[in-house]
1. If I filter the stretch 214-255 down to residues being surrounded by 13 or more Cβ atoms within 10 Å (Cβ to Cβ) and part of a loop (DSSP other than H, G, I, E, B), which single residue comes out as farthest from the chain's Cα centre (by Cα)?
2. Between Ala473, Ala500, Ala479, which is over 30 Å from Ala357 (Cβ atoms) and of a type in the set (A, V, I, L, M)?
3. Scanning for something within 30 Å of the chain's Cα centre (by Cα) and either over 26 Å from Ile453 (Cβ atoms) or not in a helix (DSSP H, G or I) (or both), does the stretch 153-168 turn up at least one residue?
4. Answer yes or no: is there a residue in the stretch 387-403 that is closer than 30 Å to Thr198 by Cα, assigned to a helix (DSSP H, G or I), at pLDDT 95 or above and of a type in the set (Gly, Ala, Ser).
5. Check Val533 against each of (1) of a type in the set (Val, Ile, Thr); (2) in a helix (DSSP H, G or I); (3) over 17 Å from Gly315 (Cα atoms) and name the one condition it does not meet.
6. Considering each residue of the stretch 478-508, count those that are at pLDDT 90 or above, more than 14 Å from Ser159 (Cβ to Cβ) and of a type outside the set (Phe, Trp, Tyr), and give that number.
7. List every residue pair whose Cβ atoms sit under 6 Å apart, with the two residues 6 or more apart in sequence or on different chains, where the first one lies in the stretch 32-55 and is in contact (Cβ under 8 Å) with a residue 24 or more places away in the chain and the second, anywhere, is assigned to a loop (DSSP other than H, G, I, E, B) and among the charged types (D, E, K, R).
8. Looking at the stretch 190-214, I want the residues that are among the charged types (D, E, K, R) and have a partner that is part of a loop (DSSP other than H, G, I, E, B) and surrounded by fewer than 14 Cβ atoms within 10 Å (Cβ to Cβ) with Cβ atoms under 9 Å, at least 6 apart or on another chain. Which pairs are those?
Amino acid sequence: MTKTITWRAILVALVLIPVNIKWVTQYEIVLVAGSPTTLSIFYTSVVILLCLAGANALVRRLRPAWALSRGELLLIYMVMNVSASICSHDFLQVLLANLPHPVRYATAENNWYNLIINRLPDWAIVKDKGAVDAFYLGNDSFFQWKYVRHWIRPLAVWSGFIMTLFYTFLCINSIIRKQWSDNEKLSFPLISIPLEITGEKGSFFRNPVMYIGLGTAFVFTIIQGLATIWPSFPVINLKNLDLAQYMVNPPFNAIGLTPVRVYPIAIGITFLVPADLSFSYWFFYLFMKFQYVFGAAVGINTIRNYPFIPEQCFGFFVGIFVFALIMARGHLRTVFSTVFNNKKADDSREPMGYRHAVWGMILGMCAMMIFARILGQSPILAVCFVTGYLIICFALTRTRAELGCPCHEVNSSSITEIIMRNAGTSILGARNVIGLQIFYWCDRCFRSNMMPIQMESFKMAEQSGMSYRKLSAVLIGAAFVALLLGYCIVLDEYYRYGAAANMAMHNVIFGSELFKTMESALKNGSITDWNGVGASVTGFVSCLALSFAKVRIPGFPFNPIAYAMMSSAQTRALWSSALIAWLCKVIILKYGGLRVFTRALPFFLGLILGDCLAGSFWCIVSIVLHAPTYSIFP
């Protein structure tokens, strides 16, 4: 039997975790030359896997017994993804930037001490002035007791929340895995690259078509990078074209920013999904822009927040969640009958037994609600926040399993934003506003969310014959180790360079986004936005209608998952790449058939790999020069 989860693979992964975290944090918070963890495929993990696969091929020639199996390589890749997700631009980096911020920037004018700080438990933030000042000024080391002792309690408490969240994700994935992977057979397009890299026969690396795609993406990205460093370098502008500059007359000038950007990695990923999904992506983008133009034409664009795109998208997320449950109703009936009616179901192959998973999910949700309650949320708000947060994570996991979106930034459609904007802060009250907004760090963008990464790990485990239960234990251990190492590495970067000194200003902006929004909400207040509530309901109903039409009407071209991705600027910017991928796929299938499509597929996989390699190249150049160079995205 092929070896998969072995101690040597775990040891290699443990050695590489700090390397991966250091790489990510140097690039994202010190140099800010790009953000590897804002893409659905973490190219740091891909390049590490590629290097291991190359070294492994050499070892296999010299010492076959020492070579790692496909399962072992995939296990290391999964651990790299978990470590990058934990320490990412949308998770740990934001938490650590937020904890000292209110004490550093509290003044007599903003009255943050009375308004915010004194209303938070001592363990919720870092309150020692000396530890906070050193964090922002730099030229120091975190590894001193005078600093460490003030971070221990906040980090310990927030670690409990993070590990509870990770465990709850694992429970939910254990419940739904069989439905998505075995029953619906979703495609999970994002795992194509690691599966091809670790293929036992090595045919992927012997395919010249793949190298054409790799070379195309690599050369494209290198040229774009050179043009960034030397503006006089000749280059075709394929990333900064804005169609809005040609729309100068009303009502068309209401279209707003309409970027046309070519991302090889996005073209490659989108080519892997069904044509209806890639079509829906660019079609719904144009439909969203039509709403702006239509509003200007009929005069309703004066309504505050029109056309309520974030609210619509939130409704679509809830619709995706509800429809996924409807599709899984038979499977879920079996699961809950096993738990509550003592009926037997075969769950021996699942990451957890169904009884364990269901009760673990319930207890995890209750623990997070209690935590939110302690931080100031009312019981009703705590239930709404935790449930809404998990619904978005569930919907994103479904989106990646089906669409494999290159980026899935949520931002303005997050549960915190929706509640604050639509319920109204005047109704919520001060304690609820503070208790809700303090979770901003994990409810901000969702681009590196841990739940989809877990589900994709289980799908890769299926492909390599790996034990789901052993993998679950490894993932939990990897998350805990990554969390501890992340604290040490990321905090030392802050204390060495200074969050407000020799690092990019977004390390300060992370905190400003949270606490200035909190200050404004507490001082100014807002009332319920019924238009926004109506837009969310409209989005929910539209999503269900499109979803039912999709399964009932053969050839129905619109997939609601694509509309949910219109909630932020980064995901919208992928529309032109989706259009290119759709055109390529339609033309190839129409004029070449399945045979030509199969031959062309390695080219698009090569685009993904080439962009990952070129992105890593510019990342390493930035680290060596200690200066930002070029980022493949956004």
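1. Pro251
2. Checking each option against the conditions leaves just Ala500.
3. Within the stretch 153-168, one or more residues are within 30 Å of the chain's Cα centre (by Cα) and either over 26 Å from Ile453 (Cβ atoms) or not in a helix (DSSP H, G or I) (or both).
4. yes
5. (3)
6. To start, the set of residues in the stretch 478-508 that are at pLDDT 90 or above comprises 478-498.
Add one more test, that the residue is more than 14 Å from Ser159 (Cβ to Cβ), and what stays is 478, 489, 492-498.
With of a type outside the set (Phe, Trp, Tyr) added as a condition, the list becomes 478, 489, 492-493, 496, 498.
Residues in the stretch 478-508 being at pLDDT 90 or above, more than 14 Å from Ser159 (Cβ to Cβ) and of a type outside the set (Phe, Trp, Tyr): 6 in total.
7. That search, which allows pairs on different chains as well, returns Thr38/Arg447.
8. Glu200/Thr2
The values are calculated or read from the model by the stated rules, or taken from the named source; none is laboratory data. Just so we're clear, the structure is a prediction, and the values are computed from it rather than from any experiment. Here Cβ is always computed from backbone atoms with ideal geometry, including for glycine, and neighbour counts include all displayed protein chains.
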